[in-house]
Structure formats: C-alpha cells, structure tokens
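Novice: Pasting a structure below so you can have a look.
Laboratory data are not the source of any read-out in this text; all were calculated from the coordinates shown. Worth saying up front: this structure is predicted, and the values here are computed from it rather than measured. A quick note on method: Cβ atoms are made from the backbone with ideal geometry, for glycine too, and the neighbour counts reach across all protein chains shown.
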Amino acid sequence: MDSIRRTALVTGASSGLGLTFADAFAARGYDLVLVARSADRLEQGAHRLSSRFGIDARAVPLDLAEPESWRLLADQVPTTDILVNNAGFASFGDVADTDPARLTAQIMLNCGALTALTRTYLPGMLERGHGVIVNIASTAAFQPIPTMAVYAATKAYVASFTTALWSEVKDTGVRVLGVCPGPTQTGFFTAGGDESVLTSRRSPDQVVATALAALDADRPLAIDGTLNSVTAFVARHAPAKLQTAAARFAVRPSRSS
Ligand SMILES: NC(=O)c1ccc[n+]([C@@H]2O[C@H](COP(=O)([O-])OP(=O)(O)OC[C@H]3O[C@@H](n4cnc5c(N)ncnc54)[C@H](OP(=O)(O)O)[C@@H]3O)[C@@H](O)[C@H]2O)c1
C-alpha cells in the first residue's frame, strides 16, 4: 500500500466549489490545506473531513486579495501536490457604479493570488516530476460581459494564463487544468450582490466531476456541461456587438425592479 501522504491545497475552501473540491480530494486520501477568510467555516470543514476520511486537514484563514497573504501562505505551507486556485468573486453592476476597491480586490484575488500561488508551488512540482494545478476560470472567460466587466476580464486572464502554462509544463509530469463552470448553485451570487441573475444553475458536484474527469485528458481547459460548452463556442466566435448584447441579456436580473 502507498504510505506516502499527499496534500491538496484548496483556496476558497469555506464554501461552494472549493469545499466540494476539498471533499473530493479528502475522499481520495489527500491531506488538505483549506484557505479562505472565514476561519470558523474552514475549521468546521477541516474537522468534518478529517473525521470522515481519516486525513489531516488544516485551516489557514487568509485574505488572499491582500498580497502579503501570498507570502504568509508560502511560509506556512511550503509545498503541495495539488493546488486548486478556486477563491474568487464577482460584482454585478456597471464599472462606473461599483466601489473601486471591490474592482481592485477582484483583480488581486482572481488573478493576483492565482498567479502568485502558481509561481510558489510550481517549481517544487517540476522538481518532483509530479503535481496538479487546477485553476478555476469560468464561461465568463469567453466573452466580455457588461455589468460584470472586471469579473469576465479576470476569468479571460485565468483561461489565457492557464492555457499558456499547460503548454509550458508539457511532458514534465505536472498537469495544469483550467475549469470553466457556467452558472453554479453556490454562494457566488449572494457574495456578488445579486441572487436574481443566471438562475438556471448546475451543481458544485457536477462541476467537480467534470474537473476530475478532465484531469485524465490532455486538454488545457474543461467547460462544465454540454449547454455551457455550446454557448461558449458560439460566444467565442461572435462579433463584439453580438457578444456584449447576448451577455448583457443573459445576466439581466430575472426579477422586475
Ligand atoms: N458559482 C458560479 O456560478 C461560478 C461560475 C463560474 C466560475 N465560478 C468561480 O468558482 C470559484 C468558486 O466560487 P463559488 O461559486 O464556489 O462561490 P462561493 O461559494 O462564494 O465561494 C467563494 C470562495 O472564495 C472565498 N473567498 C472570497 N474572497 C476571498 C478572499 N479575499 N480571500 C480568500 N478567499 C476568498 C470564499 O470564502 P470566504 O468568504 O470565507 O473568504 C469562498 O470560500 C470562483 O473563482 C468563481 O469565480 C463560479
């Protein structure tokens, strides 16, 4: 029996997709490092998963939109076998109407932390000749989205960065995958400030199953769900006028205000 302990570090692990990824890796025998801001929810998750699966699970509460947290995490957790860069959030509304600090925090978290943590853990993976980096992008990556302009741009960054990285690590034993969920039933919409948009949603279990299946294929990006795949393909190839009009329609609030 393999007695080597392997670790999965999951950011944004206090809820939603991150917690579901943590569950899936714990079930496969991985020790866990769970990172997000909510210390109590992380501790609860760590306790539940270690009791259920007999693994070690450690909660590391940090605000990953703050660049000093990237170094703190690297100091506390110098190495991992799997990195899931999942922490992220959106804000809904026109750029001119949104708190500038919220726009900056989105870029720092969705792009900055993801890039910094990749840079922290990738060299060790390359040295050992194995490792997995899963970056959570979105179908928002495939077209600009009015009222979610910064969010869509951050996810386009994640998809581009991940695809380039996938090519850089080819034949090294390290696997890099970008996952592109469409609307998924998590705390994402409440955190973004509008529960009424994009109400046809898939489940976190479906997204994580898509991600785990895609790890066996040699593709840079995995889109969750057939309908999302078709929509993303069409969106990617549409002219800007059509892209933005369709995206604006798709994210309109479903209630009348
Ligand atoms: N749900 C969707 O429809 C959807 C679709 C496409 C892509 N995604 C992406 O999926 C990822 C996970 O989101 P989710 O859907 O699972 O939403 P969620 O339930 O709101 O989870 C977001 C996670 O990120 C953490 N987080 C937020 N700000 C943070 C910060 N400053 N520092 C550290 N952690 C932070 C949150 O924990 P704390 O609040 O405790 O910090 C939480 O654990 C995100 O990257 C999101 O963009 C979601």
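Novice: Considering the zone a paramagnetic label at Arg119 would reach in this model (a point 7 Å from Cα along the Cα-to-Cβ line), which residues of segment 72-98 have amide N under 19 Å from it?
Specialist: Residues 72-80, 83-87 fall inside that zone.
Novice: Per DSSP helix of 4 or more residues, -39500 (n - 2.57); summed, then divided by the residues of the chain. What does that give at 222 nm, rounded to the nearest 500?
Specialist: -14500 deg cm²/dmol
Novice: By how many degrees, between 0 and 90 and to the nearest 10, does the Cα long axis of helix 67-76 differ from the longest principal axis of the chain?
Specialist: 20
Novice: So how far apart, in nm, are the two label points at Phe233 and Ala209 if each is 7 Å from Cα heading toward Cβ?
Specialist: Those two pseudo-labels are separated by 2.2 nm.
Novice: On to the next question. Compute the distance in nm between two label points, each set 7 Å from the Cα along the Cα-to-Cβ direction, one at Thr199 and one at Ala74.
Specialist: For the pair Thr199/Ala74, the computed spacing is 4.6 nm.
Novice: So, one more: Quick one: helix 240-250 against the long Cα principal axis of the chain, what's the angle to the nearest 10°, folded into 0 to 90?
Specialist: 80
Novice: Pairing the Cα long axis of helix 226-237 with the longest principal axis of the chain, what angle in degrees results, from 0 to 90 and rounded to the nearest 10?
Specialist: 60
Novice: Residue separation times 0.36 nm, minus the C-alpha to C-alpha distance between Ile107 and Arg5: what's the value?
Specialist: Details: separation 102, 0.36 × 102 = 36.72 nm, distance 3.38 nm.
Fully extending the segment from Ile107 to Arg5 adds 33.3 nm.
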